[in-house]
Structure formats: structure tokens, C-alpha cells
Amino acid sequence: MYMQSQTLNISLPKELVKRTDIAAKRVYKNRSEYIRDVLVNQLKDESEWSEIVAWGREAGKKAGITSEQDVYDIMYELRHGKKASKSRS
């Protein structure tokens, strides 16, 4: 899965290293494997969330939503079955 490797030197608080080693041991990995997997998963999650946010923005544009207030008004209408008062803030 991983083509080439590059060694990184990073500084971490001792308590974080201790917790990392405990977590790695729990899943039968060494420290490097564990940190690599955590980074891969974090980057994957961030990428997926970015795609979701971009999709939401595009869907909002198509629906004519131009502000957070529009979202609040729509949610109010859905929850209460009536239009939100424009005097709300």
C-alpha cells in the first residue's frame, strides 16, 4: 500500500507517546504503524468531510439558500409547520 517511506523526526509530549504506545499495543502494531494508520485515517476523514461540505454548499445554492439565517428559517418551518417570523434574529 505504501510505496516509498520517509523518516520523520517529530517531538511529542511524553504523555502522548505513552498513550500512543498503549493504543498501538492494543491493536498489535508498533508505534510507526499505528501513527501511520492514524494519519491515513485522519486525512481520509478530512477529505470526505470536505466533499460533504462542498456538496452541501452546492445543494444550498441550487435551493436558493444564501445565508445561515435561511437554514434556520427552513428548519423552523420544518419543525413547526409555519414560516419563521422575519423579526427573529
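What follows draws every value from the coordinates through simple rules; no lab data is involved. These figures come from a predicted structure and were not determined experimentally. No Cβ is skipped: glycine too gets one built from the backbone with ideal geometry, and neighbour counts run over all protein chains shown.
What to note about this one:
- Using a simple spin-label model with pseudo-atoms 7 Å out from Cα toward Cβ, ILE10 and GLU68 lie 3.1 nm apart.
- Translational D in µm²/s for the range 14-80 (Stokes-Einstein at 20 °C, 1.002 mPa s, Kirkwood Rh from C-alpha pairs): 140
- Chymotrypsin sites (Phe, Trp or Tyr not before Pro), loop per DSSP, at most 14 other Cβ atoms within 10 Å - longest free stretch of the chain: 29-89
- Debye-sum result for the range 1-46 in log10 I(q)/I(0), which assumes one identical scatterer on each alpha carbon, at q = 0.23, 0.32 Å⁻¹: -0.97, -1.19
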